[in-house]
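A quick write-up on the structure given underneath.
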Amino acid sequence: MQSLKSKLLLAVAGLVIGSSLIISLLVTHSFSKSLLESMTANAEHLAHMVGLEVTDKILINDLVALQKTLDHHSNSSPSTAYIFVLKDKQVLAHTFSQGIPSELIEANDIIQNDAGHFKKIVSTDGEHFLDFAWPIFSGKAGVLRLGFSEKPYKQQVNQLWFQMTAITFVVLLLAYAISLFFIKRLTRPLTTLAAVAEKIDEGNLDERVDTKGTDEVSKLAFSFNRMVERIKEYTQRLEEKARELDRAHRQTRTSFTIAREVGALPNLKDVCVYLIKKLQEIVTCEQMLVLVFGTRKELLFSQTERESNIFYKEAVSQAADFLNGLDSMQVIKKGSIDLSFLPQSFQSTEKMAVFPIHHEKQLLGAMFIACPNNCNCVRKELDVIDLIINQTSGVIQRSAVYEEEIQRLKTRTENTAEFSGIIGKNHQMQVVYRLIGDIAPTDATVLIQGESGTGKELVARAIHRQSPRKDKPFVVINCSAYSPTLLESELFGHEKGAFTGAERKKPGRFEQANRGTVFLDEIGEVDSSAQIKLLRVLQSKKFERIGGEETLTVDVRILAATNKDLIQEVKTGQFREDLFYRLNVIPIQLPPLRNRRNDLPLLARFFLARFADEQGKTIQEFSSEALRFLLDYNWPGNVRELENIIEHAVVLSKGSRIEVLDLPSALVSAHSAYTGGAHGTIYENEKKLLVEVLDECGWNKKEAAIRLGISRSTIYDKLKKYRISKPTMH
């Protein structure tokens with residue numbers, strides 16, 4: 001916007017420039033008219049004079065003299081551009097050096113034989129001329145044509161314009177200087193008042209106007225200053241109240257929202273992450289950490305925005321020692337205390353704010369906020385954080401109890417899923433684990449039965465490791481790998497020369513296992529003669545080497561395994577009944593993998609981790625489709641087949657997880673055939689799996705939900721869907 005002074009100056013300048021422009025136009029027009037009249041008079045005089053001179057030369061037809069006369073007058077008059085004489089439409093003479101333009105001849109002509117005729121013409125080059133046609137000897141001797149260039153005429157007019165412009169500029173400068181002096185004196189008080197008013201409008205209420213003098217402007221300035229003082233006081237009170245209201249409103253709204261939403265979160269991680277994100281909206285420091293103790297202070301849960309950790313023992317003790325001395329928020333500088341249980345990013349910060357979390361006078365943990373060098377957190381914002389943390393302490397305490405229970409259940413589940421090298425949490429495997437624990441301390445003979453690949457040798461080794469003989473030899477004999485003669489030699493040994501090739505005495509496996517354990521794998525493949533000797537060993541622990549007479553006594557525990565139905569073998573006479581009963585003191589029946597499908601993901605991940613480590617690959621998981629293929633397969637080869645398939649997939653895998661394309665084609669083909677011919681099995685399998693897991697958990701729905709990876713509400717929905725109820729105990 002223009003000021004008053006500028007408007008006045010512009011008005012003066014406009015007046016001077018307008019008047020100067022009008023004067024210049026009038027003067028220039030008058031001067032131009034005078035020049036044109038003068039030029040016309042000179043042209044007429046020259047034409048008349050040249051016409052008289054050339055008349056006699058034309059009449060006597062002296063063209064040479066005529067040409068010289070024209071050249072003389074053309075050279076003597078600078079403004080004359082050309083001269084030529086026409087007679088009977090023929091050019092008698094001319095002053096053009098390269099010939100007369102044909103268009104010029106017809107451009108002008110006389111109208112009356114006793115008077116000349118002027119006409120303005122333009123050349124092809126854009127130059128303007130004044131063409132004058134003059135009759136010679138009343139037209140009887142022809143027509144004289146003279147051309148006068150307007151360039152000198154226009155130069156004079158332009159020169160006049162330049163002079164008038166210079167005069168106008170000088171007048172304008174003088175008028176501007178004089179006007180500026182007077183206008184400045186007149187508008188100075190008003191300009192000052194306007195400038196102060198503008199600064200006050202921008203928010204600077206400390207500006208004042210000088211009130212010297214007693215004129216009207218001074219009185220106006222005094223009143224203005226008083227008004228500004230009152231506005232400033234009133235504005236300050238309003239701003240302070242607005243800040244207090246806004247802060248109180250924001251604190252109330254934030255606290256209410258957090259208290260309402262955090263209570264609906266399911267676990268400690270979600271609660272802590274939610275609090276961190278909400279508090280990041282209040283302060284500029286974005287790096288935050290929540291530490292929460294377990295109920296017995298045996299665990300310490302650590303949660304940042306992206307990372308979760310659990311600490312034990314030393315870290316818990318160190319954190320407890322530090323936080324027990326804090327009753328309120330405290331700012332800690334770098335290096336003032338050892339906080340090695342914090343992440344590295346927190347240990348390297350210059351300072352951090354620590355907010356202890358209490359619930360019912362009990363220390364739950366603390367919130368740590370790392371403050372960088374440019375931290376500008378204000379005390380009131382930190383007070384809001386302290387308020388929010390204390391309002392949500394009950395939710396934090398409840399979530400910590402829940403998280404601790406989850407960890408306890410996970411630990412118990414993990415412990416029951418692995419037993420002395422055997423992987424599985426199926427209820428049938430839990431029975432096997434308990435049975436191993438019961439029989440391992442004794443010397444009872446155990447017969448382990450199950451399909452090929454179910455892990456019979458693993459069970460035998462687990463019994464040995466749990467027994468008092470664990471530090472003694474564990475000797476494995478695969479009975480199906482030897483012929484009858486070699487099997488007896490392998491079991492009982494032989495003397496030197498006992499048979500062809502027996503060049504030295506060899507102790508048998510029973511001797512080697514003295515005071516330890518003998519595992520007879522594939523016991524159903526032993527022939528009848530060896531069965532008799534085995535029966536004697538089982539009864540008396542005595543035997544003789546082949547070819548020897550000395551009776552040897554050993555202290556061994558015998559474990560046997562077979563994938564055959566020995567009862568049927570006894571009925572058909574293929575296996576001695578008395579030996580069967582000697583072996584079958586403690587029978588263990590291992591379930592096939594197809595009957596413990598809930599163990600399959602556990603086993604698959606175990607083998608995946610092992611083979612990925614052996615192959616130096618970072619494969620972490622199975623795709624959901626690949627895992628579905630594994631779950632749907634019938635597994636005739638049981639755990640051994642699963643182990644081989646996972647190794648196959650790990651070797652072929654190119655990514656970070658196992659895909660269907662990595663699985664053997666035989667398994668994929670079998671899955672296609674299986675799923676193509678079965679309908680409605682998803683419903684049945686889900687119901688069966690749900691019942692199995694509930695049985696394993698003793699119908700504890702919370703623990704079953706954790707094992708299945710679903711919420712407890714989903715458990716209740718599925719129980720209702722499949723109409724499953726807890727069986728009545730009689």
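If only residues of region 518-545 that are at pLDDT below 90 and within 18 Å of residue 473 (Cβ to Cβ) are counted, the one that is farthest from the chain's Cα centre (by Cα) is 543.
Per-residue answers, yes or no, for (1) in contact (Cβ under 8 Å) with a residue 40 or more places away in the chain; (2) out of contact with any helix residue (DSSP H, G or I) (no Cβ under 9 Å at 6 or more places or on another chain):
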| residue | (1), (2) |
| --- | --- |
| 430 | yes, no |
| 439 | yes, no |
| 459 | yes, no |
| 464 | yes, yes |
| 480 | yes, no |
| 492 | yes, no |
| 504 | no, yes |
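Cβ-Cβ distances below 8 Å connect the following pairs, each with a first residue in region 275-303 that is in the same structural domain as residue 317 (by TED's automatic domain parsing), a second residue that is of a type in the set (Ser, Thr, Tyr) and in a helix (DSSP H, G or I), and a separation of six or more residues or different chains: 278/254; 278/257; 281/254; 282/254; 287/345; 292/399. Applying the criterion of being part of a strand (DSSP E or B) and of a type in the set (D, E, K, R) to the residues of region 523-545, the residue that is farthest from residue 455 (Cα to Cα) is 544. Each residue in region 685-711 was checked for being outside any helix (DSSP H, G or I) and surrounded by fewer than 17 Cβ atoms within 10 Å (Cβ to Cβ), and 6 pass. For region 23-48, the candidate set comprises residues that are surrounded by fewer than 11 Cβ atoms within 10 Å (Cβ to Cβ) and among the hydrophobic types (A, V, I, L, M, F, W, C); within that set, the residue that is farthest from residue 164 (Cα to Cα) is 41. Residue 729 fulfils the conditions (1) farther than 23 Å from residue 266 by Cβ; (2) assigned to a loop (DSSP other than H, G, I, E, B); (3) at pLDDT 80 or above except for a single criterion, (3).
In summary, residue 419 fulfils each of the numbered conditions (1) surrounded by 17 or more Cβ atoms within 10 Å (Cβ to Cβ); (2) in the same structural domain as residue 560 (by TED's automatic domain parsing) with the single exception of condition (2). Within region 263-296, being surrounded by 15 or more Cβ atoms within 10 Å (Cβ to Cβ), β-branched (Val, Ile, Thr) and either over 29 Å from residue 712 (Cα atoms) or more than 26 Å from the chain's Cα centre (by Cα) (or both) holds for 282, 283, 292. Being among the hydrophobic types (A, V, I, L, M, F, W, C) and out of contact with any strand residue (DSSP E or B) (no Cβ under 7 Å at 6 or more places or on another chain) is true of residue 481.
Could you check region 40-55 and list, in sequence order, the residues that are in contact with a helix residue (DSSP H, G or I) (Cβ under 8 Å, 6 or more places away or on another chain) and of a type in the set (Asp, Glu)? Result: 53, single match.
Each row is one residue, and each column tells you yes or no for (1) aromatic (Phe, Trp, Tyr); (2) farther than 23 Å from residue 586 by Cα; (3) modelled with pLDDT under 90.
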{"site": "468", "(1), (2), (3)": "no, no, no"}
{"site": "473", "(1), (2), (3)": "no, no, no"}
{"site": "493", "(1), (2), (3)": "no, yes, yes"}
{"site": "512", "(1), (2), (3)": "no, yes, no"}
{"site": "516", "(1), (2), (3)": "no, no, no"}
{"site": "547", "(1), (2), (3)": "no, yes, yes"}
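Filtered by the rule that a residue be surrounded by 16 or more Cβ atoms within 10 Å (Cβ to Cβ) and either in contact with an Asp or Glu (Cβ under 6 Å, 6 or more places away or on another chain) or small (Gly, Ala, Ser) (or both), region 564-597 gives 570, 575, 592. In region 249-258 there is at least one residue matching the filter, namely being surrounded by 13 or more Cβ atoms within 10 Å (Cβ to Cβ), more than 24 Å from residue 361 (Cβ to Cβ), hydroxyl-bearing (Ser, Thr, Tyr) and not assigned by TED's automatic domain parsing to the domain that holds residue 381. Report every pair of residues separated by at least 6 positions or lying on different chains whose Cβ atoms are under 9 Å apart, first residue within region 72-90 and within 18 Å of residue 60 (Cβ to Cβ), second part of a loop (DSSP other than H, G, I, E, B) and modelled with pLDDT of 80 or more. Partner pairs satisfying both residue conditions: none exist.
Applying the set (1) in contact with an Asp or Glu (Cβ under 7 Å, 6 or more places away or on another chain); (2) assigned to a helix (DSSP H, G or I); (3) buried (at least 18 other Cβ atoms within 10 Å of the Cβ) to residue 477 leaves exactly one unmet item: (2). When residue 61 is tested against the conditions (1) in a helix (DSSP H, G or I); (2) more than 27 Å from residue 125 (Cα to Cα), the lone failure is (1). Which count do you get for residues in region 120-156 that are surrounded by fewer than 17 Cβ atoms within 10 Å (Cβ to Cβ) and either in contact with a Leu (Cβ under 8 Å, 6 or more places away or on another chain) or more than 18 Å from residue 79 (Cβ to Cβ) (or both)? Total meeting the criteria: 9.
The values are calculated or read from the model by the stated rules, or taken from the named source; none is laboratory data. Since the structure is predicted, the reported quantities are computational estimates derived from the model, not experimental observations. Cβ coordinates were reconstructed from backbone atoms using ideal geometry, including for glycine residues, and neighbour counts include every protein chain displayed.
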